[in-house]
Amino acid sequence: MSTVSLGMPGIRAYGSGNIIAAESFPDRAPRELANPTLRGNLDMAMHKIRTKRAIVVGEKDDWQQLRTAGSEIKQNVLANLPELLERFEAEFTARGGHVHWARDADEANRIVLDLIRAEGVTEVNKIKSMATQETGLNEHLEEHGITAIETDLAEAIVQLGHDTPSHILVPAIHRNRTEVRDIFRREIPGVSPDLSDDPAELAEASRVRLREMFFRNRVAISGANFGIAETGTLTIVESEGNGRMCLTMPDTLITLMGIEKVLPTFADLEVFLQLLPRSSTGERMNPYTSMWSGVTPGDGPQNLHVILLDNGRTEVLRDEVGRQALHCIRCSACLNVCPVFEKTGGHAYGSVYPGPIGAILSPQLTGIHAGKNSSLPYASSLCGACYDVCPVKINIPEVLVHLRAEDVDAKHGKAEDAPGGAKPARRSAPDQMDAIMLAAKAMFASGTRMGLAERGLPAGKLVAGRDQVISTLPGLIGGWTKYRDIDAPPSEAFRHWWKKNRPKADRRRPDGTAVDVLALIEENRGAAQRLHERFTGADGQGPSSADPAPEDGGAAAEGGAPSAPAVDDRGEDGDLYSRLLAVEREQIQREEATGRTLADYARGTEQDGEA
């Protein structure tokens, strides 16, 4: 049983590794937008993935119920995480495995390095793993003379191209096949100089390169999609078969798994093995689903290790709003529908977790103040498409807004302590946004100040062109006009128009008391329905019997206008509102009788009202 405390730490324990942006999203994104190859690759790939997903999701009549089940299972996991982790450790250990605990990326990397050194090897095979990308494991091993060979085709392309992943599921999505061909010709020893960009030839070149390594290397490293507490089982789903080779052929297997990946029971896996493939690759099921529950003598790896990684996840768990980010099953569905990601790609986010999920996960793992991560919650239009497709119903827009508030608090020195107990840096002076918000607060707090400010609206026409459009503004607001136009303001504010055209309208309650809104609602409850039935009939086909019809049956009287309908002054319906409706109906009938259209009547209503 573990001796590591699973309680909430007294000092903030944020994560580290490749999850801290060194450059802000607004600074990085313009360079990515200027890359036409990237834009073309993303446009083609995103549409293809979205279409495949829509087809297979549409086949499931119970898709929404599956999403709900996945969300509720994940909520249960977070509510009982310490107990589930201890249960997983006990079951995995009982079956011959070894469990290690890592507080952060550095500790996880050290554990892996020590385990590899104990085997006396300098080269290991590796399955695609977001957790190892997060900790920067490959770079750490390389610094100590150990080469980690990526066996996933897309990860191999990234590694051979000395590049970084740009997508959770398809890390080389920013590369087209011509670029891949050039990388293979340059980086793979012995590859034919005539290698074409045909996908089958490229896959064969990669297969030939990797097959020898599968047989040669005795140590492999993996991540894990799920860990079952009930049985101590680890699970990986993949599409190429490289994972199956890495999981069965080496003598030693080292798995790095985030602590949030644990599931309570084996039966819970059923839900996620339906949600994950449909949401990620647009498949009904993954071609390869591998599970292992400890050591089997004479079959597969005999030396099994799993490292349970925190790296800021406990910090995320503190936040009642933000903790839902830990529900993520790394399907990347949110990336594939995000209009921002589709234009900028994943590198603009500066973290191994790009797109909408990265915009809420990275800042929480590291703290909103780490590096340039405070810019990530703003890398969204808040359109909500990510929430609609998330298989575990993570309300990403809600968390984005929540983190934006945290960023503002941090900049004003209101945030909680940073790692080590330090206080986040506070701005020395208000910025443009502060000035705008203070001015707005002062203006909206006073009707008089609001009125004075609105009298300055016509001045906006001075900066508008002949087309009455404002295209350029200075400072912070210039960020809006850089990409959008603003219509010139009207020559008169609504409140001034109202005062001039409705001088007899009541401006305030005579006694100066506030309106009791709840009492007003209760007083008028059902009034609209009663009025509707009064003038259309209970069946919606005509006036009710309580509303006498005109004596002439609605025919035009002498002079071209029908006689006015009788108005019932009796009872609670005989109020000013019902009289106005009756007068309105009479005026419409008069206009129709004289041949004018309803639009003509609407245009003339203002003059009628002023008469």
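The values are calculated or read from the model by the stated rules, or taken from the named source; none is laboratory data. Every value quoted in this text rests on a predicted model; they were computed, and no experiment measured them. All Cβ positions, even for glycine, are placed from backbone atoms using ideal geometry, and neighbour counts span all protein chains on display. Areas reflect the complete protein model, heavy atoms only, side chains present, ligands, DNA and RNA absent. Shrake-Rupley method; radii C 1.70, N 1.55, O 1.52, S 1.80 Å.
For segment 73-90, indicate whether the set of residues that are surrounded by 20 or more Cβ atoms within 10 Å (Cβ to Cβ), touching a helix residue (DSSP H, G or I) at 6+ places or on another chain (Cβ under 9 Å), in the same structural domain as Leu253 (by TED's automatic domain parsing) and more than 22 Å from Leu269 (Cα to Cα) is non-empty. Within segment 73-90, not a single residue is surrounded by 20 or more Cβ atoms within 10 Å (Cβ to Cβ), touching a helix residue (DSSP H, G or I) at 6+ places or on another chain (Cβ under 9 Å), in the same structural domain as Leu253 (by TED's automatic domain parsing) and more than 22 Å from Leu269 (Cα to Cα).
Restricted to segment 220-271, and to residues there that are within 26 Å of the chain's Cα centre (by Cα), acidic (Asp, Glu) and farther than 24 Å from Gly136 by Cβ, the residue that is surrounded by the fewest Cβ atoms within 10 Å (Cβ to Cβ) is Glu270. For segment 525-539, the condition holds for at least one residue, the condition being that it is open to solvent by 100 Å² or more (accessible area, probe 1.4 Å), modelled with pLDDT of 65 or more and in a loop (DSSP other than H, G, I, E, B). Among the residues of segment 114-144 satisfying the criterion of being part of a loop (DSSP other than H, G, I, E, B) and open to solvent by 50 Å² or more (accessible area, probe 1.4 Å), which is modelled with the lowest pLDDT? Filtering first and then ranking leaves Lys128. In segment 194-219, which residues are among the polar types (S, T, N, Q) and either part of a loop (DSSP other than H, G, I, E, B) or open to solvent by 10 Å² or more (accessible area, probe 1.4 Å) (or both)? Residues satisfying the conditions are Ser196, Asn217. Answer yes or no: is there a residue in segment 193-202 that is under 33 Å from the mean Cα position of the chain (by Cα) and without any contact (Cβ under 8 Å) to a residue 24 or more places away in the chain. Yes - at least one qualifying residue is present in segment 193-202. Pro171 passes every criterion in (1) assigned to a helix (DSSP H, G or I); (2) of a type outside the set (Phe, Trp, Tyr); (3) closer than 30 Å to Val337 by Cβ apart from (1).
Being under 28 Å from the mean Cα position of the chain (by Cα), surrounded by fewer than 22 Cβ atoms within 10 Å (Cβ to Cβ) and either outside the structural domain of His100 (by TED's automatic domain parsing) or touching a residue at least 12 places away in the same chain (Cβ under 8 Å) (or both) is the requirement here; does Asn303 meet it? Answer is no for this residue. So is Gly70 open to solvent by less than 10 Å² (accessible area, probe 1.4 Å) and either assigned to a loop (DSSP other than H, G, I, E, B) or of a type outside the set (Asp, Glu) (or both) or not? Judged against the criteria, Gly70 is a match. Only residues that are part of a helix (DSSP H, G or I) and of a type in the set (S, T, N, Q) were counted in segment 258-275, giving 1.
Looking at segment 436-460, which of the residues that are without any contact (Cβ under 8 Å) to a residue 40 or more places away in the chain and under 19 Å from Gly478 (Cβ atoms) is surrounded by the most Cβ atoms within 10 Å (Cβ to Cβ)? Among them, the one singled out is Gly460.
A quick yes/no check of all residues on (1) open to solvent by less than 10 Å² (accessible area, probe 1.4 Å); (2) hydroxyl-bearing (Ser, Thr, Tyr); (3) modelled with pLDDT under 95:
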site	(1), (2), (3)
Tyr353	yes, yes, no
Ile357	yes, no, no
Leu361	yes, no, no
Pro377	yes, no, no
Pro391	yes, no, no
Asn395	no, no, no
His402	no, no, no
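Residues of segment 363-375 that are of a type outside the set (A, V, I, L, M), in contact with a Phe, Trp or Tyr (Cβ under 9 Å, 6 or more places away or on another chain) and open to solvent by less than 10 Å² (accessible area, probe 1.4 Å): Thr366, Gly367. For segment 287-298, give me each residue that is under 23 Å from Ile116 (Cβ atoms) and either in contact (Cβ under 8 Å) with a residue 40 or more places away in the chain or open to solvent by less than 40 Å² (accessible area, probe 1.4 Å) (or both). Listed by number, the residues that qualify are Ser290, Trp292, Gly294, Val295.
Have a look at Ala13, Ala22, Ala29 and point out the one that is modelled with pLDDT under 95, open to solvent by 60 Å² or more (accessible area, probe 1.4 Å) and more than 23 Å from Cys331 (Cα to Cα). Give the derivation first.
Details: Ala13 fails: open to solvent by 60 Å² or more (accessible area, probe 1.4 Å); Ala29 fails: open to solvent by 60 Å² or more (accessible area, probe 1.4 Å).
From the options Ala13, Ala22, Ala29, the qualifying one is Ala22.
Pro301 fulfils the conditions (1) touching a Leu at 6+ places or on another chain (Cβ under 6 Å); (2) assigned to a strand (DSSP E or B) except for a single criterion, (2). In this structure, Ala359 qualifies as closer than 19 Å to Ala21 by Cβ, among the hydrophobic types (A, V, I, L, M, F, W, C) and either touching a strand residue (DSSP E or B) at 6+ places or on another chain (Cβ under 6 Å) or outside any loop (DSSP other than H, G, I, E, B) (or both).
When segment 147-175 is filtered for residues that are more than 18 Å from Leu202 (Cα to Cα) and either open to solvent by less than 10 Å² (accessible area, probe 1.4 Å) or under 24 Å from the mean Cα position of the chain (by Cα) (or both), the ones remaining, listed by number, are Ala148, Thr164, Pro165, Ser166, His167, Ile168, Leu169. Of the residues making up segment 328-350, those that are buried (at least 24 other Cβ atoms within 10 Å of the Cβ) and more than 24 Å from Gly40 (Cβ to Cβ) are Cys328, Cys331. Pull up segment 180-193, narrow it to residues that are more than 24 Å from Glu238 (Cα to Cα) and of a type in the set (D, E, K, R), then point me to the one that is most open to solvent (accessible area, probe 1.4 Å). Of everything passing the filter in segment 180-193, Arg186 is most open to solvent (accessible area, probe 1.4 Å).
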